[in-house]
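No value in this document is a laboratory result; all are computed from the given coordinates. The structure presented is a predicted model; accordingly, all values stated were derived computationally and were not measured. Ideal geometry is used to build each Cβ from the backbone, glycine not excepted, and the neighbour counts take in all protein chains shown.
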Amino acid sequence: MTDPQVAGAIETLNQGVRAVPSLRQGIGFTLVLAMIGASGRVVVPVVIQQAIDHGLHRSVQGTTQTVDISLVIKLCLGAAIYLLIASVAQRTAVSRLGRRSESALYELRVQLFQHIHQLSLEDHNDEQRGSLVSRVTSDVETLSQFFSWGGLAYLLNGALMIIVAGVMLVYDWPLALLVIFISAPLVYVLRRVQSRLIAAYDASRLANAHLLGSTAELVTGAETLHAYSAGHIFGQRVKKASKVRGDAQTKATLIGALLFPSGEIFGAMAVSTVVFVGLWRGSGSGLTAGALVGFIFLTYRFLEPIAELTEVLDQTQTAVSGMRRILGILAIPVGPTAAVFPIAVDTQRLDIKIDNVSFSYRPRDGESDIENAPVLRGISCEIPFGTQVAIVGETGSGKTTLGRLLARFSDPTSGVIAIGGVSLNRIENESLRKIVVVVPQEPFLFSDTIASNLRFVMPQASDQQLIDAFTNIDLQDWFETLPAGLETLVGQRGSQLSAGERQLVALVRASLVNPSILILDEATSSVDASTEVRLTRALDRLSLGRSTISIAHRLSTAARADRVLVLDAGVLVQDGPHDQLVKTPGVYSEMYKSWESSHNTAE
Amino acid sequence: MHGHPTSSGRFRRATTLIRSLVAYHPGLFAISMSGAAVFAVCTVGSSWLLRWIIDEVIIRRFDTDTFSISQTFTAVGLLIGLSLIRACGVIVRRSFAGRAQWRTAQSLTDEVVDVFVHQPPQWHRRQSTGDLLTRAGVDVEASVAVMAPLPYASSVILMMLIAAVGLISTDIALGLAATAVFPILIGLNVLYQRRVDKWFDIAQGELGVLSAAVHESFEGVTVVKAFGAENRETERLAVIASRVQSARIEAIRLRSLFEAALDFVPNLTNICLVVGGAFQVRSGDLSVGELASFIYMFTLLVFPLRLIGYALSEMPRSQAGFDRIQNLRQSPIINNPRTQFVHDNDVLALYSASIGYDTDSVLFRDVTASFSPQSFTAIVGYTGCGKSTFVQSLAGITPLLAGSIKAPRQHISFVFQEPFLFGTSVRDNVCMGHEFSDDDLWWALNIAEADFVHDLPQGVDTIIGERGVGLSGGQRQRIALARAVIHRPKVLILDDTTSALDPNTEIKVLRSIKMKLPESTVIAVASRPSLFGMADQIMFFDQSAIYGPTTHIELLIQNEAYRSLMQAYEKPSDTEDKS
């Protein structure tokens, strides 16, 4: 059984234990307890054997019977006490294993939270999010399942088989070897059936996911289906998926139905062999009637755990691949690393210096080894404190990336960005987050009240401070329209508010930090007129006394800035005030022309 | 068990549940039950066989020291033969139980799906998506979960009856003592399932909370990072994770206790049977073989008892799931608003209509408006004033609270603000199961400026949506537009549909709609000023009043609110627009 798959699984488990060393704690004592517990299971067959051979001794021909009652009672009393001890030992082993593994998995979860929060934003894109969440939830769950069922089965059944085999060997080693020899192929048969079963379960899981997916469409797309009278057609699709699921599950239960009987038939064969050989050898070889009867019981007990053990192998595979995925996440290097020798920065009047900055995304696992094409190339410029800068460029020109680098969501591949003369990677994260604040394109709000979304950045803020924050950026009129004031619930991702209103909350939130540098990723989606007015007003107020860097999608924003940086395919091609750039032939004037024409046709 | 005060009431409910589930596929279930009966008889038979082998074969062999070939072969033959028959019984029982279970699940799912299909959008809107999905998924599975162990459980009961008779007839005192343990074990099993399940359920609930919190925290990672809150977030999630942990540990603690007790009780019973048996053997009432088979029989029944406990503890969950499905099926099908339209091919008009989602919050009262055929109307107003509800009522997606609608019988196409694409091909998403030629399809995609479909890996047959090729918001919206125009609709309603497109594309799309669908009456909720300019007429929504449809100029002159809205639109771009 030492194929590479097993070796790989063992290596993964070792790495897992290294990641969570507490898994190993106290495992030795738990094993001892499990052995004691399992030994309780052979008490009954041993008692029967002893009772038949010694207590219920009878004369030849079976006419008179001399039963040694006191011996039987002594034997049974001893057995009962041993059973009690074994039960307590087993209970303790199970609960120790459970407690230890659950605590270790908790540690693993916290470790994952910490690590994932520190991953850079490129590892946090929308496609990845689902898998990150399932690493912390369902993958850790497969491990928990494994420890509380599979691991337990290994522990108890493994111990049981060892002990039963031991007792059988002591009774009659040739018979014992025979039983083991006959049972060996059962493992092979069970593995074969089980691998079929796993495939069948996978198929039915897939069919089930498919069914749920198409049912979800039927429900979430109800309006669309109604509008195009297509409910029946799509309903048929779901019914087809439901049939496929039924077929897959039926197939899986059929294969499952073959599992148990194969153990049963092997059991009958092993017992028959024991009976046949035992009878044939007779008492001449030192075998007794009691030992043979006891042996029959022991054979059943020996075969019982095999089925369960092989069943657990499937679970083990799931757990190992879960562990492998978790380790994969822990192996992703964290985003910008913490500053090693942090330098304190004066929070006032900070100039920004971008010096020959280039950036390319690190290639992902499984993708080519070739370096990704650079997103930014050799960007240099200085932004004195208090400047209102707009960065413009086509989609994919690198303007969003430059914004991210300025906020140190990633570090440049080469070159340096410095604030107040200190390179970003030498500033402690906590102080950096008080100097630079980003308002993203789609500001994220937690499904909670406005107040708690604001306190997210300033946990100790009083209600009055929060209300003042609205007033400070000229939003008191909007604040008054909120149905429950600060206690207004914003809904999931802020869905109770409009896109524009979410941005307003984000601006208030940013203002609470009072940063020296504000980075604004402008929204592309349209905002209704009255909110637009408020946004512009709030932004104007918020810009006072700081540097702002707007990643501008609308040229009207660029027009209002002191200075425009024009990016084209990752290169800074133009840098200057709007009025000047419009007149200079180049990227910006072209962009402006096409924008202007599209706007004029509208009017 | 709240709500089911008497055990006889609970029993009646359980039998009703089982009867209704079995009624779906009684044949399959009956075959499974016959397999179960074979299994039960063979199991009891095997213990009698064991007694015979011990008494008549083994002990005689060792006592008399003579080896009888024929007897030995009979013993071995019977052992293997009986276990083969028993194995067949098991295969029939299990495979047909599974078949009955999943065919019933299929029937239940189909019933639920029919409800989803027949109920109109206003019904769907009142339900939560998650709740409906639970009915079709978890509830169906829970309902049928009780079916799988049912044949086994019945065969165990049959076995117990035969065994009890067998045990008691072998030896009255010992038999009664052994059978008395069965109810104790069943009770212990049921108690075990309920007590432990409670904690596993709590852990499961906490896990749900954790998943939601983790998802939100990772989704908001930009905010978390932007404000340096990584550690605080980790701590918050750790608190929830520790609740999962402690519920699990409690479940495991209880489980280990019960497991030990469930092992201990039958083992102790066995030991007592040996003592009691010794007395009976001494008095000659019992043979050694009988005693051994007694113990074997008892051991055989211990494990199946656990399954009865499992089946019984599954019952409330199945019951709840099945009840929820029945509730859903019995809810009356609401009328489709479109069936109330008065059909007139040249008119689209509302008469004294009240509009809103329910009678408690009427958005507009007594609206009478008519849209001239083949005109292009833009609907303008502040966010949240009810424009969407208005156009949905016009399209028969939301029912009128009062009043009536006259509309063409022919197609009314509606494009939603948020496009909904199905996880299928572009073709199916556009045609939606209706018959259209490839030429029609490309014609529609072309109007919707969706020529990007050419570049998709399989063209119009590319699978899109959740499991397929990812599309941008604008691309999704253009597919949804093609879906609407392919019908060459008499009425085309766009609910702020084109704002996800960039302004240039938006203009192009609207122009080609005007050009290539000259017969259509177009009504578009507009958020960009660019749209107002294209419209023949404007309908303006202000507070709870509706003005128009009339011309832009007319509104500018007559309506103060409209004027100030127009100014607000112009303001952000006034610096350079007038150059």
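Miscellaneous remarks
- For segment B:338-577, DSSP calls about 40 percent of its internal beta bridges antiparallel.
- Chain A: angle of helix A:173-220 to the longest principal axis, Cα-based, in degrees nearest 10: 30
- Cross-link partners for B:K406 among the lysines, with Cα-Cα distance under 24 Å and sequence neighbours closer than 8 places in the same chain left out: B:K387, B:K490, B:K514.
- Per residue of A:86-98, other chain Cβ atoms within 10 Å of the residue Cβ number 5 on average.
- Take each peptide in B:16-23, B:35-42, count the other Cβ atoms within 10 Å of every residue, and average; sorted highest first, the result is B:35-42, B:16-23.
- Segment A:540-571 and segment A:427-493 have their alpha-carbon centroids 23 Å apart.
- Length gained when the stretch A:D448-A:Q25 is fully extended (0.36 nm per residue, less Cα-Cα span): 148.2 nm
- Crossing angle, helix A:151-171 versus chain A [Cα axis fit, 0-90 degrees, rounded to tens]: 20
- Residues of segment B:347-380 falling in the label zone of B:T550, defined by backbone nitrogen less than 11 Å from a point 7 Å along Cα to beta-carbon, are absent.
- Pairs of alpha carbons in segment A:71-222 whose separation is greater than 22 Å (percent): 69
- Averaged over the residues of B:287-294, the number of partner chain Cβ atoms lying within 10 Å of the residue Cβ comes to 4.
- The modelled label-to-label distance for the pair B:N231/B:D360, using points 7 Å beyond Cα in the direction of Cβ, is 4.7 nm.
- About the centre of its Cα atoms, segment B:236-376 shows a dipole size close to 540 debye [charges on the beta carbon of Lys, Arg (+1) and Asp, Glu (-1) only; nearest 20 debye].
- Distance from segment A:37-51 to segment B:194-231 (C-alpha centre basis), Å: 48
- Between segment B:364-429 and segment B:525-562, the Cα center-to-center distance that results, in Å: 17
- Shielding by other protein chains, A:263-274, mean Cβ within 10 Å: 4
- Over all projection directions, the Cα-based convex hull of the protein assembly as shown averages an area of 52.3 nm².
- Put a dot 7 Å past the Cα of B:H118, heading toward its Cβ, do the same for B:R12, and the two dots end up 2.9 nm apart.
- DSSP finds beta bridges in chain B, and of those with both partners inside it, around 40 percent are antiparallel.
- Charge dipole (Cα centre; +1 on Lys/Arg Cβ, -1 on Asp/Glu Cβ; no other charges) of the protein assembly as shown amounts to roughly 3560 debye.
- P(r) tail fraction, segment A:173-286 - alpha-carbon pairs more than 21 Å apart, %: 60
- A:S431-A:T481 FRET efficiency (beta carbon distance; Förster radius 51 Å; 0.05 resolution): 0.90
- Cα-based helix-to-principal-axis angle, B:560-570 vs chain B, degrees rounded to 10: 80
- Lysine pairs with alpha-carbon atoms under 17 Å apart, chain A, spacing 8 or more or separate chains: 4
- Segment B:338-577 - Rg and Dmax from Cα coordinates, angstrom: 18.2, 54
- Applying D = kT/(6 pi eta Rh) to segment B:30-147, where Rh is the Kirkwood radius over alpha-carbon pairs, T corresponds to 10 °C and eta to 1.306 mPa s, the Stokes-Einstein value obtained is 86 µm²/s.
- Whole-Å semi-axes of chain B's equivalent ellipsoid (Cα gyration tensor): 73, 26, 23
- Among A:25-35, A:352-362, sorting by the average number of other beta carbon atoms lying within 10 angstrom of each residue, highest first, gives A:352-362, A:25-35.
- Length released on extending from B:S68 to B:S246, taking residue separation times 0.36 nm less the Cα-Cα span: 57.8 nm
- When each of the peptides B:68-78, B:488-498, A:95-105, B:409-419 is scored by the mean number of other C-beta atoms lying within 10 Å of its residues, the order from highest to lowest reads B:488-498, A:95-105, B:409-419, B:68-78.
- DSSP beta bridges in the protein assembly as shown [antiparallel fraction, %, rounded to 5]: 45
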